[in-house]
Amino acid sequence: MTQTMPRPVQAPARKNGAPGGPCAMVIFGASGDLTKRKLVPALYNLCRQELLPENFAVIGFARSEQTSEAFRRSMREDIKRFCDCTPDPGLWDWIENRIHYVRGDATQPESFQALRAQLSEVERDHGTKGNVLFYLATAPEHFGTIVSQLQAAGLTQEREGWRRVIVEKPFGRDLSSARALNEELRSVLSERQIYRIDHYLGKETVQNLLVFRFANGIFEPIWNRRYVDHVQITVAETVGVEGRAGYFDTAGTLRDMVPNHIFQLISLVAMEPPISFEANAVRDEQAKVLRAIQPMSEEEVLKLTVRGQYGAGRAGGKDLPDYRAEKGVAQGSSTETFAAMKLGIDSWRWKDVPFYLRVGKGLHARRTEIVVQFRRPPFSLFRDTSVEELTPNRLVVRIQPDEGIQLLFGAKIPGATMRLGTVDMDFRYQDHFGIEPATGYERLLYDAVLGDPTLFQRADMVEAGWSVVTPVLDVWSALPPRNFPNYAAGSLGPKEADALLERDGRRWYEPEPAAKP
Ligand code: BG6
């Protein structure tokens, strides 16, 4: 273990919110992609916003043989590539002086003794006061081993400071493995020490859903089965499997995106108003929604779900090969790169209001959005005019890119005849607040340092999500291999996904320019 003494660099001045208290952050999987693409840039952004504590240190833990100096050097290069800005040398020096590295093997107790020694050093040199945030950014099969080793080395006990563990996704691959992982974690840690992260909850527009619904008086009265016809959630990506076939081909889109990211979106759209903004008050209401989503019978899975796999095409300005021809994908793989389904939430508020969702890779555009479509007026006052069809009112919450909220409604097109067009009121985040470079992890890391678990998932929420998804996975895996590909990269996805809505007399919302006179 190598360590150089920090150079005397001025800490950035504090201007905005209060930084968290002293602490060390230990990243397991420090030489992996997540660390360089998201975690270190997020730390840099927090530093820029003056939200990191003065008494702070980062310890990278990974198997590769390197010194702290070499680790710092590689982080310095990576931050230039991944921070979406030109890093300020003064700020980066401030962080770099707090970065250390421990070479270790998660199965070896000696590695955790080395970590323990390094933690004592940073406590002495950086004044981190025994508070430690452990971040499990490794492959999921190591999660259990790491927490057991942490416990065996006495590193999970809160003697002088707090000890918290952030657990990355995937959290299990079905209900039983998620339950087993929860049990494993809770045999070592108390629930209040476990922070199950879902980076969707770090996105501004996702957090804004709570503000939009509960800090405004005008939407909540119509946010129910009486006025809402249905809800659509689209998470479209243009990218393919992007060198992650090793993980993705054994997971598939449903596991990768639905029980976590998409169910977070559904729970925030559908939850009842919590009695306060306290962590458990919010999460209780989210958990109730997840428990109210009706798991499907085998027949329903066949009728109400669609899966797809992309074939060669051009998406996001790049040529993609057949998914099955991607490096690392098993020959003749039946793994889905697209999933769509119709879900029902059995609650007084949402009974009989379908929630349609579609998610996929290799699609025509990168777009994550929630569309709340309202019922049409009870009858058309304009039926004897040339107005043939009234377009329904829609509220579109754009999560990325181009974050914002848009309300679509009908308006008379000027002229002697009665003609209607769809117009909109459009709020774009960028116009009002500007956009700061962000990875989505900043808020979550900051909250974990502060000890606020509101935006992290509880065990019951994770298990409720898997309870809905597991029956679908079971039916899909029991079916004979599909005749994939069934959609071309760069398209809107498989035709069956359109049929899923058409059967109900509905269609997916595709943004189109507002009608001009
Ligand atoms: C990750 C998935 O959790 O989320 C990826 O594993 C996916 O497959 C990514 O591409 C999408 O995140 P974002 O923030 O780009 O929408």
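Only residues that are free of Cβ contacts under 8 Å to residues at least 40 places away in the same chain and within 16 Å of the ligand (Cβ to nearest atom) were counted across region 165-207, and they come to 1. The sole residue among 41, 19 that is in a loop (DSSP other than H, G, I, E, B), crowded, with 17+ Cβ neighbours inside 10 Å and out of contact with any His (no Cβ under 7 Å at 6 or more places or on another chain) is 19.
Only one of the numbered conditions (1) assigned to a loop (DSSP other than H, G, I, E, B); (2) farther than 27 Å from residue 258 by Cβ is violated by residue 430, and that is (1). Only one of the listed residues (360, 344, 328, 332) is within 16 Å of the ligand (Cβ to nearest atom) and either within 23 Å of residue 478 (Cα to Cα) or surrounded by 14 or more Cβ atoms within 10 Å (Cβ to Cβ) (or both). That residue is 360. Filtering 517, 494 for residues that are modelled with pLDDT of 95 or more and in contact with a strand residue (DSSP E or B) (Cβ under 8 Å, 6 or more places away or on another chain) leaves a single hit, 494.
If you check residue 485 against the conditions, is it crowded, with 17+ Cβ neighbours inside 10 Å, at pLDDT 95 or above and farther than 30 Å from residue 314 by Cα? It is false that residue 485 is crowded, with 17+ Cβ neighbours inside 10 Å, at pLDDT 95 or above and farther than 30 Å from residue 314 by Cα. Return yes or no: is residue 454 surrounded by fewer than 19 Cβ atoms within 10 Å (Cβ to Cβ) and within 16 Å of the chain's Cα centre (by Cα)? Yes: the conditions hold for residue 454.
Listed here are the residues, each with its yes/no results for (1) outside any helix (DSSP H, G or I); (2) among the β-branched types (Val, Ile, Thr); (3) in contact with a helix residue (DSSP H, G or I) (Cβ under 9 Å, 6 or more places away or on another chain); (4) surrounded by fewer than 16 Cβ atoms within 10 Å (Cβ to Cβ).
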| position | (1), (2), (3), (4) |
| --- | --- |
| 181 | no, no, yes, no |
| 184 | no, no, yes, yes |
| 189 | yes, no, yes, no |
| 195 | yes, no, yes, no |
| 200 | no, no, yes, no |
| 205 | no, yes, yes, no |
| 208 | no, no, yes, no |
| 218 | yes, yes, no, yes |
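Selection of region 237-273 for residues being more than 15 Å from the ligand (Cβ to nearest atom), touching a Phe, Trp or Tyr at 6+ places or on another chain (Cβ under 8 Å) and in a loop (DSSP other than H, G, I, E, B) yields only 273. Of everything in region 433-483 that is of a type in the set (S, T, N, Q) and assigned to a helix (DSSP H, G or I), the residue that is farthest from residue 196 (Cα to Cα) is 477.
The values are calculated or read from the model by the stated rules, or taken from the named source; none is laboratory data. Keep in mind it's a predicted model, so treat the numbers as computed, not measured. When we count neighbours, we look across all protein chains shown, and the Cβ atoms used for this are built from the backbone with ideal geometry, even at glycine.
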